[in-house]
Amino acid sequence: MLLSQNVFSQQLKVENVTALAADKQGNCYVVTGNGVAKYNDNLELQSRHTTTFGKIESVDVLDPFKVLFFCKNFLRVFLLDNKLSALGNPIFLPDVNVLKPSAVCRSAENGMWVVDAYRQQLLYFDFTLNTTREAASLANYSNSSATYMLERDGKLLINFSGKSIAVFDRFGALLHLFSVESDGWFDLQGDKLYYLFNKKLYAQNILAWSETPQIVEQNVDLCAIFNAAMYIYRNGAVEKVFVK
């Protein structure tokens with residue numbers, strides 16, 4: 001059974017949070033529109049960054065020394081180091097023939113996955129911006145758009161409009177397609193799929209899909225998790241929660 005224990009002394013009051021992320025060192029990244037702040041595991045501020053490319057759609061901290069930010073409205077991806085300083089110039093995705101990017105994430109192979117909604121195509125780029133893999137058209141798996149994705153343990157997971165989550169291997173071949181209603185965000189930790197739906201945080205055992213998902217936390221607006229440490233945003237504050 002999953003239990004959670006709130007540590008109310010580790011609470012950060014902050015308004016208008018639009019995204020959260022947690023890296024393997026326990027740091028928490030708090031996105032507010034076009035700005036991001038990095039906090040350590042005691043929720044003490046470490047560094048800040050503000051972009052001129054509008055709202056940050058998503059942040060991927062798979063590699064805390066090369067953090068990826070996706071600004072969907074400006075069709076740009078940029079990389080920051082562990083002090084939130086820029087690593088090179090922002091990537092304008094149409095320059096690599098991605099005309100309508102809908103989701104972007106890091107890969108452990110020092111590259112990034114991109115979904116081009118215009119072509120309904122899943123693409124992999126290394127950071128020299130060479131296209132090294134192209135998956136079959138995503139229209140073969142879903143008639144919905146890809147809204148969020150991440151890589152975990154050599155597998156790529158894509159959320160299709162909060163209706164289903166597809167799992168691909170490192171070459172872009174489909175492994176599983178799960179029917180999951182969610183609010184967009186999800187994460188995979190071991191054999192537990194965590195997702196938000198109607199302000200509830202659920203955990204589903206992907207090895208026993210027939211089991212009823214468990215409610216881990218309620219009244220949750222946003223979430224980020226790595227191993228046993230979780231950060232949630234609710235009631236205008238980021239809280240650190242431990243999952244047992």
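For the chain, the residue among Gly184, Val167, Thr32 whose Cα projects farthest onto the positive side of the dipole built from Cβ charges is Thr32. Among Val14, Val114, Val104, the residue with the largest mean-square fluctuation in a Gaussian network model of the chain, with springs joining Cα atoms closer than 10 Å, is Val14. Remark on Gln121: its backbone amide H falls under 5 Å from those of Asp116, Leu138, a criterion applied only to residues 5 or more positions apart or on other chains, H modelled at 1.01 Å from N. The length gained on full extension between Val96 and Val14, counted as 0.36 nm times the residue separation minus their Cα-Cα distance, comes to 25.9 nm. So which residue, out of Leu99, Leu156, Leu20, gets the largest mean-square fluctuation from a GNM of the chain using Cα contacts under 10 Å as springs? Of Leu99, Leu156, Leu20, the Gaussian network model singles out Leu99 as fluctuating most. Contact order, relative form, for the chain: 16 percent (alpha carbon pairs under 8 Å, 6 or more residues apart, mean separation divided by residue count). Close amide H pairs (under 5 Å, H built 1.01 Å from N) link Val216 with Leu201, Tyr202, Ala203, residues at least 5 positions away or on another chain. Loop-located chymotrypsin sites (Phe, Trp or Tyr not before Pro) in the range 159-215 (DSSP state not H, G, I, E or B) with no more than 15 neighbouring Cβ atoms inside 10 Å: Phe171, Trp209.
Counting other C-beta atoms within 10 Å, and keeping those with at most 10, which DSSP coil chymotrypsin sites (Phe, Trp or Tyr not before Pro) do you find in the range 48-151?
none
Note on the chain: GNM, Cα springs under 10 Å; of Leu43, Leu75, Leu207, the largest mean-square fluctuation is that of Leu207. Placing a pseudo-label 7 Å from each Cα along the Cα-to-Cβ vector at Gln25 and Asp169 gives an inter-label distance of 3.4 nm. Within the straight-line cut-off of under 12 Å between alpha carbons, the aspartates and glutamates reachable from Lys200 are Glu181, Asp183, Glu217, Asp221, sequence neighbours fewer than 8 places apart in one chain being disregarded. Applying the criteria of a DSSP loop state and at most 16 other Cβ atoms within 10 Å to the trypsin sites (Lys or Arg not before Pro) of the range 75-150 yields Lys83, Arg119.
Just the Kirkwood number for the range 13-192, please: inverse of mean 1/r across all distinct Cα pairs, in Å, one decimal.
16.5
Which entries of Lys24/Lys199; Lys192/Lys240; Lys24/Lys192 show an alpha-carbon separation above 21 angstrom in the structure shown? The pairs that break the limit, which is 21 Å between Cα atoms, are Lys24/Lys199. What are the ³J(HN,Hα) values, in whole Hz, obtained from phi via the Karplus relation 6.51 cos²θ - 1.76 cosθ + 1.60 with θ = phi - 60°, for each residue of the range 209-218 in sequence order, with x given for Gly and Pro? Ordered by residue, 3J(HN,Hα) equals 5, 6, 5, 5, x, 9, 7, 8, 9, 10 Hz.
None of the figures in this text is laboratory data; all of them are computed from the coordinates on show. Predicted model, so just to flag it, every value in this text is computed and none were measured. Don't worry about glycine lacking a Cβ; one is built from the backbone with ideal geometry, like all the others, and counts go over all protein chains shown.
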